[in-house]
Each structure stands twice: as C-alpha cells, then as structure tokens.
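Step one of this worksheet: look at the structure below.
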Amino acid sequence: MFVCMTENGKIARHLARHRPKQPILACSTSGQVVRQVNMVRGVVGYKIPEYLEEKYEELLEMVLGVAQE
C-alpha cells in the first residue's frame with residue numbers, strides 16, 4: 001500500500017495514473033480533497049484531524065493503523 005499526505009490530491013492522482021497493483025491511501029486535512037480522491041481508481045481517501053498536522057509521530061501511527069485495516 002502506498003501512503004501519501006496531500007493538500008490538494010495531486011500526489012495521489014499522479015500515483016494512480018501509473019495504475020499500481022497496490023492501493024493508495026491519500027491522507028488530507030481537507031474533506032473536499034478526500035471526497036475528490038475517492039473518485040480516483042485505486043485511491044482511498046482518509047481525513048486526518050488538523051491538530052495532528054504538526055505532530056508527525058502521532059499522525060504516522062494513526063495513518064499506519066488505518067493502512068493495516
């Protein structure tokens with residue numbers, strides 16, 4: 001699984017363009033971006049809380065937990 005942090009969804013869309021066999025987890029603080037990337041083939045959007053944006057260790061733990069599910 002690819003995990004990417006994105007503010008506008010460009011990274012997730014760029015990865016999806018290459019049609020990898022692994023799913024892509026696109027994490028963003030914007031609900032609109034999450035809805036948009038959910039429409040891209042092979043991409044699953046996940047909304048992260050804004051307060052974790054600067055707390056990288058907690059954010060990484062949370063995202064890895066979601067990726068393992």
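The values are calculated or read from the model by the stated rules, or taken from the named source; none is laboratory data. These figures come from a predicted structure and were not determined experimentally. All accessible areas refer to the heavy atoms of the entire protein, side chains included, with ligands and DNA or RNA removed. Shrake-Rupley method; radii C 1.70, N 1.55, O 1.52, S 1.80 Å.
Number of residues in region 41-61 that are closer than 11 Å to Ser28 by Cα, open to solvent by less than 40 Å² (accessible area, probe 1.4 Å) and in a strand (DSSP E or B) equals 1. Could you check, for region 30-37, whether at least one of its residues is on the phi > 0 side of the Ramachandran plot and open to solvent by less than 100 Å² (accessible area, probe 1.4 Å)? No.
The single condition from (1) assigned to a loop (DSSP other than H, G, I, E, B); (2) open to solvent by less than 40 Å² (accessible area, probe 1.4 Å); (3) not hydrophobic (A, V, I, L, M, F, W, C) that Asn8 fails is (2). Within region 1-29, being closer than 17 Å to Val66 by Cα and more than 11 Å from the chain's Cα centre (by Cα) holds for one residue alone: Gln22. Taken as a whole, the condition of being open to solvent by less than 80 Å² (accessible area, probe 1.4 Å) and in a loop (DSSP other than H, G, I, E, B) does not apply to Val66.
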